[in-house]
Amino acid sequence: MGKSQRKREEIEEKYTWDLSHIYKKDSDWKTDFNKVSKEIKQITKFKGILVSNAKNLLDYLELSCLLERKLYKLYYYANLKHDQDTTNAKYQEMLGKIKNLLNEYEELDAYANPEMMNVDYKLIKSFYKQEPKLKEYKFILENLYRFKKHILNDEVEKTLSSLSKVFDNSSETFEMLTDADLKFGTITDEHGQEVELTESNYHGFLQSKNREIRKQAFEKILGKYGEFKNTVSSTFAGNVEMLTTLAKLKHYNSSLEAALFSNNIDIKVYNNLIDTVNNNLNVIYKYFALKKDFLKVDEFHLYDQYVDLVKKSAKEYSFEEGKRIVLEALSILGNDYINNLNKAFDERWIDVYNNVGKRGGAYSSGFYDTKPYVLLNYENTLNDVSTLAHELGHSMHTYYSCLNNPYQYSHYTIFVAEVASTVNELLLNYYLLNNTNDQEEKKYILSNLMDLFKATLYRQTMFAEYERNMHSKHEKGEILTNELLCNEYYKLNLKYFGPNVVVDELIKYEWERIPHFYYDFYVYKYAIGLSCACYIVDGILNKKEGFLGNYLKFLSSGGSDYPINELKMAGIDVTKKEVIESAIKMFDGLIEQFKDLM
């Protein structure tokens, strides 16, 4: 049996995570589960009297935090146990039971927010004087009451809540069409075999060294979407209609403002990203010119952009070697960071190798009463070393957040979630670039990094611009016909790819296959996260005064403030173009380095 298919019990213990930090044994989990199943009923005792006085509100908040902690301790143990071997029926059952219990708790607790919203925040402010301990929850309460002006009367809110399944209809129809119904035919691969073309293998064909295969894959996928342009346009327009109508009903100025409101993000952050990238398209044009020169083609088409500039590195990195490199690369973050990072290895936070039934991919997962565990499927490649650094970035963010905050402020938002992981990834790559004499390895690292910037900074910003523009057109009364949706996407591609690329007409259908357009203004976060990480890395590598200390303050802030303010702790103002420009400058530097090596 191959190494990647070992059974769980065949993996050396030191390469598995130690979940006894959460529960010593499964029977302890079961005992706790039975106790918590009864205890969650206590949350209902405040129903109808929650905001009748300061003490009730304080007691409710303290109890809800306590019950949440108990529930999530149960959840993380069951979830991690399940993911280490998804075929294990015992852990399937445990995970199912705790998910049901979490749902039951949410239903029991559902009265709380509406009750709080029935009173004015001025009353809550008066409670702070009567019960000073309530101030420990001040930011949570303040953030909750920000939504008050956007909450409608009880009857309307209940109606909207009952329609939530209907509101999901557009995205569910899109998923069903693209995941199940669309068939793209077959394609002849590099070995002369007829292979079914699917969304999952499409990117692989676009990376083929055989240009005819790339062209065929591009034309077959997008040609098929072209056949369904009316259906997908109707589905997308329905989603836009739903979001813009809800935004209007809830007194937002636009669907974009509504989407950004939950994290208290100013629209100018979104627009600044798009404007700054638009003002620096010359750098992505330079990248495509480099690729055109490399491929030695008269015309560089859209289906040529994914061909790797360098063949994949065959060099192997054992886990021990990967650990050494990551620790050395991140040592620039200081002794405190490295001492805490070493705990990940010494206390066995990491589940390293693949085994039969183990969940694929990689993640960091943990909360206040667990370690910030890391799941890997390590196979000794440079990408695996990068993944180790990336996931440990998440884990250290969680570690510092939990260490420096009470439970209620220990969870950071999705908006800032990718910053720490990307900082680690960039620091690793720059360390490797500066510490290898192997020119091919350098080229491979540079090529990977350039692809990261192209895909995350430019492509995601193009998506963000398209989404914003289509919603805006609808809000101004324009009809989102398939012709308009396709033509606007085509024009954006002309702008973003520039003079060195032949923008094939079929690209006008590509927007139809992007699931993120149903995620409600999500993609800009990828580009912002990378830009913030570049700004931090530039400051740390160049030893700019105060940068490292400010970065550790940011890691320690958890969810104690709005994400924009937390980033300001790291010296980052995402309303300013300088942050986005730092990423563009880094991308430009990588292109120049690659050109020098070539």
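The values are calculated or read from the model by the stated rules, or taken from the named source; none is laboratory data. Quantities reported herein were computed from a predicted structural model and do not represent experimental measurements. So basically every Cβ, Gly included, is an ideal-geometry build from the backbone, and we count neighbours across all protein chains shown.
Here are a few things to note about the model shown:
- Hey, Ile98 in a helix (DSSP H, G or I), modelled with pLDDT of 95 or more and either in the same structural domain as Glu142 (by TED's automatic domain parsing) or buried (at least 18 other Cβ atoms within 10 Å of the Cβ) (or both) or not: yes
- Just one of the listed residues (Glu9, Glu62, Glu39) is over 29 Å from the mean Cα position of the chain (by Cα), outside any loop (DSSP other than H, G, I, E, B) and at pLDDT below 95, and it is Glu9.
- Selection status of Asn542, more than 30 Å from Leu256 (Cα to Cα), surrounded by fewer than 17 Cβ atoms within 10 Å (Cβ to Cβ) and at pLDDT 95 or above: yes
- Within region 41-90, if we keep just the residues that are aromatic (Phe, Trp, Tyr) and touching a Phe, Trp or Tyr at 6+ places or on another chain (Cβ under 8 Å), the residue that is farthest from Pro114 (Cα to Cα) turns out to be Tyr77.
- Members of region 241-258 that are buried (at least 17 other Cβ atoms within 10 Å of the Cβ), out of contact with any Leu (no Cβ under 6 Å at 6 or more places or on another chain) and under 25 Å from Tyr490 (Cβ atoms): Leu243, Thr244, Ser254, Leu256
- Selection status of Asp561, assigned to a loop (DSSP other than H, G, I, E, B), of a type in the set (Asp, Glu) and within 30 Å of Val240 (Cα to Cα): no
- Scan of region 114-173 for residues that are more than 30 Å from Ser234 (Cβ to Cβ) and among the acidic types (Asp, Glu), ordered by number: Glu115, Asp120, Glu131, Glu136, Glu142, Asp154, Glu155
- No other residue among Asn354, Asn383 is within 17 Å of Ser318 (Cα to Cα) and touching an Asp or Glu at 6+ places or on another chain (Cβ under 8 Å) apart from Asn354.
- Region 199-209, subset polar (S, T, N, Q) and over 14 Å from Leu309 (Cα atoms), residue surrounded by the fewest Cβ atoms within 10 Å (Cβ to Cβ): Ser200
- Residue in region 354-367 that is of a type in the set (D, E, K, R) and at positive phi present: no
- Pairs where the first residue, in region 189-218, is touching a residue at least 24 places away in the same chain (Cβ under 8 Å) and the second is surrounded by fewer than 19 Cβ atoms within 10 Å (Cβ to Cβ) and of a type in the set (Gly, Ala, Ser), C-beta under 9 Å, 6+ apart: Leu197/Gly185; Ala217/Gly204
- Considering only residues in region 33-77 that are of a type in the set (Ser, Thr, Tyr) and under 16 Å from Leu123 (Cβ atoms), the one that is surrounded by the fewest Cβ atoms within 10 Å (Cβ to Cβ) turns out to be Ser52.
- Residue that is farthest from Ser364 (Cα to Cα), among those in region 80-95 that are surrounded by fewer than 18 Cβ atoms within 10 Å (Cβ to Cβ) and in contact (Cβ under 8 Å) with a residue 12 or more places away in the chain: Lys90
- Residue list for region 14-34, filter: of a type in the set (Phe, Trp, Tyr), under 13 Å from Ala78 (Cα atoms) and not in a helix (DSSP H, G or I): Tyr23
- Wholly enclosed helices (runs of 4 or more DSSP H) of region 454-542 bearing at least 3 residues of a type in the set (D, E, K, R): 460-475, 482-497
- Within region 390-406, considering residues that are among the hydrophobic types (A, V, I, L, M, F, W, C) and farther than 18 Å from Leu426 by Cα, the one surrounded by the most Cβ atoms within 10 Å (Cβ to Cβ): Cys402
- Residue match in region 127-149 (condition: among the charged types (D, E, K, R), out of contact with any Lys or Arg (no Cβ under 7 Å at 6 or more places or on another chain), modelled with pLDDT of 90 or more and not in a helix (DSSP H, G or I)): yes
- Of all residue pairs spaced 6 or more apart or on separate chains, those with beta-carbon atoms under 8 Å, a first member in region 586-598 that is more than 18 Å from Asn542 (Cα to Cα) and a second member that is modelled with pLDDT under 95 and among the aliphatic types (A, V, I, L, M) are Phe594/Leu309.
- Flag for Lys45 being without any contact (Cβ under 8 Å) to a residue 12 or more places away in the chain and not in a helix (DSSP H, G or I): no
- Hey, Glu190 touching a helix residue (DSSP H, G or I) at 6+ places or on another chain (Cβ under 8 Å), in a loop (DSSP other than H, G, I, E, B) and under 18 Å from Asp304 (Cα atoms) or not: yes
- Remark: pairs (first residue in region 104-119, closer than 12 Å to Leu144 by Cβ; second residue in a helix (DSSP H, G or I); Cβ separation under 6 Å; 6+ apart in sequence or on different chains) = Met117/Lys148.
- From Val501, Val537, Val579, residue being at pLDDT 95 or above, more than 27 Å from Thr398 (Cβ to Cβ), assigned by TED's automatic domain parsing to the domain that holds Ile265 and of a type in the set (Val, Ile, Thr): Val501
- Just so you know, in region 235-257 the residues that are free of Cβ contacts under 8 Å to residues at least 40 places away in the same chain and in a helix (DSSP H, G or I) include one that is nearest to Gly559 (Cα to Cα), and it is Glu257.
- Considering the conditions (1) out of contact with any helix residue (DSSP H, G or I) (no Cβ under 8 Å at 6 or more places or on another chain); (2) crowded, with 20+ Cβ neighbours inside 10 Å; (3) among the hydroxyl-bearing types (Ser, Thr, Tyr), Ser262 is excluded by exactly one of them, (2).
Okay, residues lined up against (1) in the same structural domain as Glu483 (by TED's automatic domain parsing); (2) more than 23 Å from the chain's Cα centre (by Cα); (3) on the phi > 0 side of the Ramachandran plot:
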{"residue": "Lys215", "(1), (2), (3)": "no, yes, no"}
{"residue": "Gly223", "(1), (2), (3)": "no, yes, no"}
{"residue": "Val240", "(1), (2), (3)": "yes, no, no"}
{"residue": "Ile265", "(1), (2), (3)": "yes, no, no"}
{"residue": "Lys268", "(1), (2), (3)": "yes, no, no"}
{"residue": "Ile274", "(1), (2), (3)": "yes, no, no"}
{"residue": "Asp298", "(1), (2), (3)": "yes, yes, no"}
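- Qualifying residue in region 377-389 (condition: touching a helix residue (DSSP H, G or I) at 6+ places or on another chain (Cβ under 7 Å), aromatic (Phe, Trp, Tyr) and surrounded by fewer than 18 Cβ atoms within 10 Å (Cβ to Cβ)): no
- In the set Leu485, Leu452, Leu480, Leu494, only one residue is more than 21 Å from Val240 (Cα to Cα) and either in contact (Cβ under 8 Å) with a residue 24 or more places away in the chain or touching a helix residue (DSSP H, G or I) at 6+ places or on another chain (Cβ under 6 Å) (or both); that residue is Leu452.
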